[in-house]
Amino acid sequence: MPSRTGQGDGTIWPMPQTDARVPRPAPWHPAHLALAVVAALVGMVTVVVTLRHGLDWSDEAFVWTMVASDRVAVGEAWGFQHLVHPVFVLTGESVLVMRVLRLAGYVVASVVLVAAATRVMRAAGVHLRRRERALVLLVAQVGTLLAWSYPPRYLGYNELSSWLGALLCAALSVGLVPVAEESRGRRALPWVAVGVLLAPLVIAKFTAAVVWAAVVLVVLLVPVPGTAGWLRPAAVVGGAVATTAVMAASGVPVLTVVDNSVGLLLDSSAQEASDHSVSEVLRTYLTSTRETARAAVVPVVALVTLAVLCLRVRRRTRVGAAVGLLLAAGLVALLVGPSVEGTWSGLGSVSAVVGVGGVLALVLAARATLPAAWLTPRAGVALLVALGAPLVAAVGTNNLIWGHTVFSATPWAVVCGLALCLLARAAPPLVRAAPLLLGGLLVCLAGTAVVFDVSVHPYRSEPLLRQTTPTSVPALAGMRLTEDQAATADWLHRVAVEQEAAGVPAVALHSPGHLFAFNRSGWASPWRGGIWQDSVATNCESGAPEDLFVLQPAAPADLVEAERGRLQEALTGCTLRFPEDFTAVSGHDGSVVWRLQGGAG
């Protein structure tokens, strides 16, 4: 085989097949992209139109309160707020603007991943034409749309873990499969990026960072011809140290976050208090894997069968074309139900089919279409990294892990899009319409999930477009809530202004939304349950607060009463009694704002 010498180290590079490097005539017309383009536009427009509608008063309000207060969570494994808080301040402390950034973040992550995939293909001697890159980018929006198909619309630890993981996937792939003629400096850049990305991930989501660090260590053991053995680990360490120093200098409590996270991993009682015991989490993951495997096996087999059909049929056969179209349509039809039911397990099976099926299809397509010299262990490792990235991003959740990949499915969508692109190259003219149609149908599927979420079963709320009432809370400017929520938010904001509550410690009973609308206090955890009670008790160890607000919602009465008992127990460490030592300063529809007697009000 023809060869050439590498970067001065004697390495012999196999020359890619010449005919693979020459751009081929377009195998299909751009009109094949019409369905994917329309579906992506409809999905994106649905997201944009509903950005200002609705606010989840539990999970979402918790995240926004953590971000707004920049709370140092002693004894808790939260650090994402320290990374997002500066952005929140720079953008005017607006929830609406942060939602726009959330959408932009997913789109940017998809663009970076597609650019990395294109570069890896170029290293293999395959130049993707513009329309082929467009196909991969459009299918990548399956990941973007899935991220808006279920969860509350915050920008927090899930998003940071997803984006940083996606960028790590891109950097590792480019680093493992470099372009042959690159200089040593350019070869080091992806590995510097790996270190730069790992450092903030430790703060954003410690559990995911631990797994990614292990992945990086394994990848560093894989030799890359033409790259000095010392260069890659040195670049990773250098990038990580530099980024950590910048974070520390900018005020991020790096050591505190790491100490809290490590302590939580080693403290079983703390895990129980936060509903994240290792044994229970592992059981949840196994249950999720079994359920997802049962739901995804038939669609995955259909996708693999379609790939085999595209690669094995060599004639212009109408039968092959019909079978291909039926497989594409049937595969998506099997996923319609799970995509619109609005559950973790249903959406998890959709993302699993895109990921696992896409990886298997890409393996088959690569073996048939790429130069044999490129099919190396390094390429296999890069593909395994892409396969694992969405799951690693979810590690640490106490939810169904495959369902949680709705936040992080973009690498899978890119792999699936690349597989469909190569299958369309390899298939006969009549058959190649099937993988192209499948790409469009997958985007339709994800867009449909978004439409059903906002119109049929939005997260713990009314259909988003029915939420049309503005509120006076500054951070919610431009937002539209339900009439009851807006009235409650306006009341809380008015009381906070009257009581001069800015900067005063406050806690809310079973409602982070009340706390966010009031004064976004970071004195205790904005969450509820044992972790909230422990945070109040921890503060009491430092002495009783001079002033304190307690926000008591009217409903749900039983849960609020349970939190009331937790607060009473926790405040004993402050030698305070609730409500005996407090005065009710305002009420609204059964909700009450209490203030510590003798407070500044």
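Calculate for the chain the 222 nm mean residue ellipticity that helices alone would give, adding -39,500 (n - 2.57) per DSSP H run of length 4 or more and normalising by residue count, nearest 500 deg cm²/dmol. Numbers along the way, then the final one.
Working: 24 runs with 372 residues, N = 601.
Estimated from H runs of four or more residues: -20500 deg cm²/dmol.
Hey, if we sort 230, 212, 527, 57 by accessible area with the 1.4 Å probe, largest down, what's the order? Mind showing how you got there, number by number?
Values: 230 155, 212 5, 527 70, 57 35 Å².
Largest accessible area first, the list is 230, 527, 57, 212.
Entry comment: accessible area of the chain is 39 Å² per residue, from protein heavy atoms only and a probe of 1.4 Å. Go through 396, 339, 554 and say which Cα lies farthest out towards the positive end of the charge dipole of the chain; charges sit on Cβ, +1 for Lys and Arg, -1 for Asp and Glu. Among 396, 339, 554, the one farthest towards the positive end of the dipole of the chain is 339. Count charges around residue 80 for me, please; just the other residues with Cβ under 14 Å from its Cβ, Lys/Arg as +1, Asp/Glu as -1. Surrounding charge for residue 80 is -2. Label-to-label distance, residue 289 versus residue 38, with points set 7 angstrom from Cα along the beta-carbon direction: 4.1 nm. Applying the Karplus relation 6.51 cos²θ - 1.76 cosθ + 1.60 with θ = phi - 60° to segment 504-517 yields 3J(HN,Hα) values of 8, x, 8, 9, 10, 8, 6, 7, x, x, 4, 5, 5, 5 Hz, where x marks Gly and Pro. Counting only Cβ charges, +1 for Lys and Arg and -1 for Asp and Glu, the dipole size of the chain around its Cα centre is about 4200 debye. Isolated cysteines in the chain, defined as those with no second cysteine Cβ under 4.7 Å, comprise 169, 310, 416, 421, 444.
Please report, as a whole percent, how much of the solvent-accessible surface of segment 445-495 comes from carbon and sulfur atoms (probe radius 1.4 Å). Could you put the intermediate results ahead of the total?
Details: 1170 of 2180 Å².
Here carbon and sulfur together make up 54 percent of the probe-accessible area.
When a/c is below 1.5 the answer is rounded, else prolate if a/b is larger than b/c, else oblate, so apply that to segment 277-376 with a ≥ b ≥ c taken from the square roots of the Cα gyration tensor eigenvalues.
On the way: a/c = 3.86, a/b = 1.59, b/c = 2.43.
The shape class here is oblate.
Less than 5 angstrom separates the built amide H of residue 586 from those of 593, all sequence-distant by 5 or more or on a different chain.
The alpha carbon centroids of segment 109-138 and segment 551-601 are separated by 57 Å. Angle check, please: helix 530-540 long axis (alpha carbons) against the longest principal axis of the chain (alpha carbons), in degrees 0 to 90, nearest 10. That works out to roughly 50 degrees.
Candidates 230, 478, 502 compared by Cα position along the dipole of the chain: farthest toward the positive end lies 230, with charges placed on Cβ.
Spacing of the modelled spin labels on residue 546 and residue 561, each 7 Å from Cα toward Cβ, amounts to 3.8 nm.
Given charges of +1 on the Cβ of Lys and Arg and -1 on the Cβ of Asp and Glu, with all other atoms neutral, how large is the dipole of segment 528-597 about its Cα centre, in debye to the nearest 20?
So the dipole magnitude of segment 528-597 works out to roughly 60 debye.
To put it simply, the accessible area of segment 297-336 at a 1.4 Å probe is 68 percent carbon and sulfur. For the chain, rounded, prolate or oblate, judged on the Cα gyration tensor with a ≥ b ≥ c (square roots of eigenvalues), a/c < 1.5 rounded, else prolate if a/b > b/c? Cα axes put the chain in the prolate bin. Site pair residue 213 and residue 575 shows an inter-label distance of 4.3 nm when each label is modelled 7 Å from Cα along Cα→Cβ. Relative to the longest principal axis of the Cα atoms of the chain, the long axis of helix 557-571 makes an angle of roughly 70 degrees. Among 180, 242, 212, which residue has its Cα furthest toward the positive end of the charge dipole of segment 173-277, with +1 on Lys/Arg Cβ and -1 on Asp/Glu Cβ? The residue sitting farthest along the positive end of the dipole is 180. The angle between the Cα long axis of helix 130-146 and the main principal axis of the chain comes to about 30°, on a 0 to 90 degree scale. Segment 221-262 and segment 497-537 have Cα centres spaced 35 Å apart.
The values are calculated or read from the model by the stated rules, or taken from the named source; none is laboratory data. All figures in this text were calculated on a predicted structure; none of them were measured in a lab. Neighbour counts are summed over all protein chains in view; Cβ atoms, including those assigned to glycine, are modelled from backbone coordinates with ideal geometry. These area figures cover heavy atoms from the full protein model, side chains too; ligands, DNA and RNA do not enter into them. Shrake-Rupley method; radii C 1.70, N 1.55, O 1.52, S 1.80 Å.
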